[in-house]
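Beneath this line is the structure, given in structure tokens, with notes to follow.
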Amino acid sequence: MSAKIAVIGAGLMGHGIGQIFAAAGHKVALHDPNADILGAAKGKMTAICTLLAQDPACLDNVSFHADFAEAVKDADFVFEAGPEKLEVKQAIFKNLGEKTKPTAILCTNTSAIPIGQIGAQVADQSRVVGTHYWNPPHLIPLVEVVQSTETSLATVEATIALLKAVGKSPVHVRKDIPGFIGNRLQHALKREAIALVADGVCDAETLDTVVKEGFGARMAVCGPLEQSDLVGLNLTLDIHKTLIADLDRTPGPHPYLVDKVAKGELGMANGRGFRDWTPEQAATLRKRLSDFLAESAKKLAAKKV
Ligand SMILES: NC(=O)c1ccc[n+]([C@@H]2O[C@H](COP(=O)([O-])OP(=O)(O)OC[C@H]3O[C@@H](n4cnc5c(N)ncnc54)[C@H](O)[C@@H]3O)[C@@H](O)[C@H]2O)c1
């Protein structure tokens, strides 16, 4: 089945989301109010095709629209990837509620804002759903499909079916909670990581080595609960009895992080974060990550054919 897709916002996430659907043979209408960003989108989508060894002719499926209403008027699914600001997203969704077909499913790629708040001004909120892609969306398989109290199960199921059909790995998040599932897990780990470094247990490089060369090495195959089942829940319980009470429980962001940001130590962007980075070291890491994810994505796509 070929669906008509509209993508709102052609920035970092939006152009990648559009490319996924175009590569799978769907018609994609891409909108961005910023003419420069809209103008650059086709080149960026072509680069994704090159990275993934896909025929760039698939981009003939994509149309580019400065006009919002024109982009969304025929859409079966709209994926919103605009700025992470509640008032902007609410205005976009109010507009979507008025300018789309009544059957169109309206998806937001918000990282953290509750879906129910984003869709609050849509007359029929049963068609509003979260689709949390991970960056880069064309390389990371997971999409968290987030159901608010208003979202219908039919909307969730149709969205999951579409995402599966284009090769993504959607999961159903049954409650509209901050951070959904993935970011809660990721930031629980970051919270303890920051506390360990702040406490002088190890430096940031050692911390990352422990993850990458240790339990992280098996995580693409064996998730944390699978791993607990593998070693036995009794062992997990024994470890928790000793460990859990000792884990960091600073309420709010850790002062070590707050202090770094206040000092302007923002990470690779300016060479100083938890570690120091030369531009070359930063570029090397970015390339290694992109190459690794592209290889994984190609292997996954080959398995699914
Ligand atoms: N960057 C990430 O790692 C990441 C990961 C997952 C989810 N997200 C979420 O995806 C969304 C987009 O993030 P991004 O990183 O692509 O941001 P971005 O800033 O790169 O892109 C946002 C785009 O929205 C456009 N825009 C501004 N106002 C608009 C409006 N009124 N209507 C339509 N478009 C408008 C901007 O011109 C810009 O091109 C955010 O909600 C973000 O939280 C981001």
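The values are calculated or read from the model by the stated rules, or taken from the named source; none is laboratory data. These numbers were taken from a predicted model, which means no experiment stands behind them. We place every Cβ from the backbone using ideal geometry, glycine too, and count neighbours over all the protein chains shown.
Residues 246, 259, 208, 238: which one is farther than 20 Å from residue 187 by Cβ and among the acidic types (Asp, Glu)?
The conditions single out 238.
Please go through the range 271-304 and give me each residue that is in a loop (DSSP other than H, G, I, E, B) and within 24 Å of the chain's Cα centre (by Cα), ordered by number.
273, 274, listed by residue number.
Counting just the residues of the range 224-270 that are among the acidic types (Asp, Glu) and part of a loop (DSSP other than H, G, I, E, B), which one comes out farthest from the chain's Cα centre (by Cα)?
248
Could you list, ordered by first residue, the pairs with Cβ atoms under 7 Å in which the first is in the range 72-89 and hydrophobic (A, V, I, L, M, F, W, C) and the second is at pLDDT below 95 and within 8 Å of the ligand (Cβ to nearest atom), at least 6 apart or interchain?
Close Cβ pairs (under 7 Å, with a partner that is at pLDDT below 95 and within 8 Å of the ligand (Cβ to nearest atom)) amount to 86/113.
Table: residues versus (1) under 17 Å from the mean Cα position of the chain (by Cα); (2) of a type in the set (Val, Ile, Thr).
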position: 127; (1), (2): no, no
position: 130; (1), (2): yes, no
position: 137; (1), (2): yes, no
position: 140; (1), (2): yes, yes
position: 145; (1), (2): yes, yes
position: 153; (1), (2): no, no
position: 164; (1), (2): yes, no
position: 168; (1), (2): yes, no
position: 177; (1), (2): yes, yes
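Output the residue which, of all residues in the range 53-77 that are in a helix (DSSP H, G or I) and within 16 Å of the ligand (Cβ to nearest atom), is surrounded by the most Cβ atoms within 10 Å (Cβ to Cβ).
72
What about residue 87, is it more than 27 Å from residue 153 (Cβ to Cβ), under 22 Å from the mean Cα position of the chain (by Cα) and of a type in the set (D, E, K, R)?
Here the answer is yes, as residue 87 does meet what is asked.
Taking residue 159 as the residue in question, decide whether it is crowded, with 22+ Cβ neighbours inside 10 Å and away from the ligand (no atom under 15 Å from the Cβ).
The answer is yes for residue 159.
Exactly one of these conditions fails for residue 28: (1) closer than 25 Å to residue 293 by Cα; (2) within 14 Å of the ligand (Cβ to nearest atom). Give me its number.
(2)
Residues that are assigned by TED's automatic domain parsing to the domain that holds residue 167, within 14 Å of the ligand (Cβ to nearest atom), among the aliphatic types (A, V, I, L, M) and in contact with a strand residue (DSSP E or B) (Cβ under 8 Å, 6 or more places away or on another chain): does the range 94-107 have at least one?
Yes: one or more hits.
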